[in-house]
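Reading through the structure tokens given below for one structure.
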Amino acid sequence: MSTADAVIGDVPKLEGAPPSVLVITAPYYRQVVDGMVAGARQVLDGIGAEYEVVEVAGAYELPQALRLAAGAGAPFDGFVLIGCVIKGETDHYDFICRSAMDGIMQVALDHKLCLGTALLTVDTIDQALARSGAEHNKGAEAAIAMLKQIALLHHLERI
């Protein structure tokens, strides 16, 4: 599916107090990441969520930061991770992308986290910018994905 074909979906209705969310960013490509953070903020503000935005050095540090947050017992209902890796001339891109995504998923599974991930893995800055603007925003999509996980968890806790 291409970005142009993506369906963001609706923000789920959550019962009870608005969620508390930690947004962890890797702003190596500041313009791209700031655009995705703006998209996530718009979604979270729209439901009255409480959230904090923190920064790490790069995409490689995202799973480590998520693990630190999960292990610290911080009172977050969900997490949104935002970053961007652009392919260069070496295999560093493949290593960072695979390590970051595998690490993020492992932490989320191990700690049963409600998570939305907007870690762009693209060939060019233009591709990244196309996914971080007002029309197609992967940060907004990640926030909605995380909210859907919270809604699912709430549903499962009730049955």
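Data for the structure
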quantity: Positions within segment 115-159 being free of Cβ contacts under 8 Å to residues at least 60 places away in the same chain, under 12 Å from the mean Cα position of the chain (by Cα) and not in a strand (DSSP E or B), in sequence order; calculated: A145
quantity: Evaluation of I82 against (1) closer than 18 Å to P27 by Cα; (2) in a helix (DSSP H, G or I); (3) of a type in the set (A, V, I, L, M) (one fails), failing number; calculated: (2)
quantity: Residue count for segment 13-46, restricted to those that are within 13 Å of G78 (Cβ to Cβ) and crowded, with 16+ Cβ neighbours inside 10 Å; calculated: 9
quantity: Search result, residues across segment 119-150 that are among the hydrophobic types (A, V, I, L, M, F, W, C) and touching a strand residue (DSSP E or B) at 6+ places or on another chain (Cβ under 8 Å); calculated: L119, L120, V122, I125, A128, A142, A143, I144, A145, M146, L147, I150
quantity: Pair list, Cβ < 8 Å and 6+ apart or interchain, from segment 27-40 residues that are touching a residue at least 24 places away in the same chain (Cβ under 8 Å) and aliphatic (A, V, I, L, M) to residues that are in a helix (DSSP H, G or I) and surrounded by fewer than 22 Cβ atoms within 10 Å (Cβ to Cβ); calculated: V32/I125; V32/L129
quantity: Filtered residues of segment 59-76 (kept if surrounded by fewer than 23 Cβ atoms within 10 Å (Cβ to Cβ) and touching a residue at least 60 places away in the same chain (Cβ under 8 Å)); calculated: none
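Listed here are the residues, each with its yes/no results for (1) touching a strand residue (DSSP E or B) at 6+ places or on another chain (Cβ under 9 Å); (2) among the β-branched types (V, I, T); (3) at pLDDT below 95; (4) at positive phi.
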residue	(1), (2), (3), (4)
V23	yes, yes, no, no
V33	yes, yes, no, no
A38	yes, no, no, no
L44	yes, no, no, no
G48	no, no, no, yes
Y51	yes, no, no, no
V54	yes, yes, no, no
G58	yes, no, no, no
R67	no, no, no, no
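The values are calculated or read from the model by the stated rules, or taken from the named source; none is laboratory data. Bear in mind that the values here come from a model prediction, so they are computed numbers and not experimental data. Counting neighbours? That spans all protein chains shown, and the Cβs are built from the backbone with ideal geometry, glycine included.
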